[in-house]
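The structure appears right after this line, and notes come after that.
We did not get these values from a lab; they are worked out from the coordinates using the rules stated. This structure is a prediction, so every number in the text was calculated from the model and none was measured. Don't worry about glycine lacking a Cβ; one is built from the backbone with ideal geometry, like all the others, and counts go over all protein chains shown.
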There are 2 protein chains.
Amino acid sequence: MNGRIGVPVTIRAMERSSTTPGGSARREATRQKLYEAAVTLIAEQGFSATTVDEIAERAGVAKGTVYYNFASKSVLFEELLRHGVGLLTASLREAAERTAAEGGGGVDALDAMIRAGLVFIDRYPAFTQLYVAELWRTNRAWQSTLMVVRQQAVAVVEGVLREGVANGEFSEEIDVPLTAAALVGMVLVAALDWKSFQPERSLDDVHSALSRLLQGRVSGRR
Amino acid sequence: MNGRIGVPVTIRAMERSSTTPGGSARREATRQKLYEAAVTLIAEQGFSATTVDEIAERAGVAKGTVYYNFASKSVLFEELLRHGVGLLTASLREAAERTAAEGGGGVDALDAMIRAGLVFIDRYPAFTQLYVAELWRTNRAWQSTLMVVRQQAVAVVEGVLREGVANGEFSEEIDVPLTAAALVGMVLVAALDWKSFQPERSLDDVHSALSRLLQGRVSGRR
DNA sequence: GTTTTTGCACTGACCAGTCAGTTCAAAAAC
DNA sequence: GTTTTTGAACTGACTGGTCAGTGCAAAAAC
């Protein structure tokens, strides 16, 4: 149908996909505005219910600009996912490494990562919301992106668990992937509940509640 | 806009809203088929990306039948939510009560509820998926339905925790709502990961991994 | 004979993606 | 140092298609 202009369009999409390092400062700023607009709208309404017009409007930009910067609505979304999870993964890794450097054990590392997770969710609640909402969907275009990105984050937790098992700090009977998923879930759901239903509480407060649960200090009075 | 036909539509919607007990058996069967079709499609694609035509087709029913049975697409979805969470809540409550009757303590009750949660997710993975995807969204039509329904389920866990605190089995320092949310999250995320990424594992397997985590038997070899 | 379902044509709103045209800052030409 | 050219970035009206919901007469089920 549009064979007439098919080639230019394709080239435009190719040239300007992915987290282009060669973007001008202006362009990078526009992309950032679009990420910020998209993340809150999609967190609130979901991907399909959010229109490109809305995203453009909230970013204070014309619709055409969205398509000048991203090949399509779903590409915008995929890059948003990669961007966000990159931040989270870096933060988790940093927490684990810092604890190790300070001579803490596996439990300290897990605790530090819980805090890093809470800090992240505190700062980017909309991203977290959107991530959870999309993670377990099947048959979606960005399925593979999500898998990769999920594995990056969970792998950090698994690494700490595995090391703990190796040096005898954790029981050999623990199931590393499942326990990692459960820990992530614990933090994720507790934090989302915190943000949604009792946002006035402090991060320290939430952190100490989760620490207690992690260390099995729930049963038994003290 | 549709004042011309506004009244008949409203009447039809009124007559036939909510989990009508007065429905004929035939009608109830049709509704059930529609729930089943809708739950998988929406879990896969999300609410907005799922069309009424698709739901009707998968249920093996004419589109008109959908609107004969439900006032709108979102009413169908809301009733689906209520229906599903009703099943879950009943199952959790039953587990807690059975344990209590058998003379078990709070930890046993929590453990039984973890299992009940896993059994539920094992049986209705699509519903769980869809529930998680919608729970923390804001600005949606069925927001209030979700809140009510969430509270029902979490309240069961909170009840067990509170009772444990009252009789001294659990520390008085635990934060009941937050700990309940964290426990729910632990089960939810672990189970969704199980179903999505290692579906071949047995329920018992997953259950024992979570039990261990609950009882703080992660640290310390044994 | 009443309730429920069917089949299908129809409408109007909405929306992803397109593209011809505009803007403007910096480079090139003079 | 002034004028001209260039091209990346941006704009917004427009298009082709999709979809929720309607209307209704006839058939099937009860």
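Once the Cα atoms of helix B:3-15 and of chain B are each reduced to a long axis, what angle between those two axes, in degrees from 0 to 90 to the nearest 10, is obtained?
40 degrees
So if I place +1 on the C-beta of Lys and Arg and -1 on the C-beta of Asp and Glu, and nothing else carries charge, what would the dipole magnitude of the protein assembly as shown be about its Cα centre? I want it in debye, nearest 20.
The calculation lands at about 1580 debye.
Between rounded, prolate and oblate, where does region B:74-214 land on the alpha carbon gyration tensor, with a ≥ b ≥ c its root eigenvalues, rounded for a/c under 1.5, else prolate if a/b exceeds b/c?
Working: a/c = 1.84, a/b = 1.30, b/c = 1.42.
In terms of gyration-tensor shape, oblate.
Show that you can apply the helix-only estimate: for the protein assembly as shown, add -39,500 (n - 2.57) for every DSSP H stretch of four or more residues, divide by all residues, and state [θ] at 222 nm to the nearest 500.
Computed ellipticity for the protein assembly as shown at 222 nm equals -25000 deg cm²/dmol.
For region B:152-216, which GluC sites (Glu not before Pro) are in a loop by DSSP, counting at most 10 other Cβ atoms within 10 Å? Write down the numbers at each step before the final one.
Working: sites: B:Glu158, B:Glu163, B:Glu169, B:Glu172, B:Glu173, B:Glu200; in loops: B:Glu169, B:Glu172, B:Glu173, B:Glu200.
Here the GluC sites (Glu not before Pro) that fit, given the DSSP loop and packing criteria, are B:Glu172, B:Glu200.
With unit charges on the beta carbons (Lys and Arg positive, Asp and Glu negative) and the dipole taken about the Cα centre of chain A, which residue among A:Tyr68, A:Gly46, A:Ala100 sits farthest to the positive side?
About the Cα centre, the residue reaching furthest to the positive side is A:Tyr68.
Could you compute the net charge surrounding B:Leu34? Neighbours are other residues with a C-beta less than 12 Å from the C-beta of B:Leu34; K and R count +1, D and E count -1.
It works out to a net charge of +1.
Mind checking the angle between helix A:73-101 and chain A's longest principal axis? C-alpha axes, 0 to 90 degrees, to the nearest 10.
30 degrees
For the Cα atoms of chain A, what angle does the longest principal axis make with the long axis of helix A:143-166, in degrees from 0 to 90, nearest 10?
20 degrees
Kindly give the distances from A:Gln215 to its copy-mates, label point to label point, with each label point 7 Å from Cα along Cα→Cβ, as nm values to one decimal ordered shortest first.
2.1
Please find, among residues of chain B, the one with the beta carbon closest to the rotation axis relating it to chain A, distance in whole Å.
B:Gly216, 1
Once both labels are modelled 7 Å past Cα along the beta-carbon direction, what's the B:Gln198-A:Thr138 spacing in nm?
Here the modelled spin labels are 1.9 nm apart.
Would you compute, for the Cα atoms of the protein assembly as shown, the largest minus smallest coordinate along each principal axis and list the three values in descending order, in whole Å?
Projected onto the principal axes, the Cα atoms of the protein assembly as shown cover 69, 66, 42 Å.
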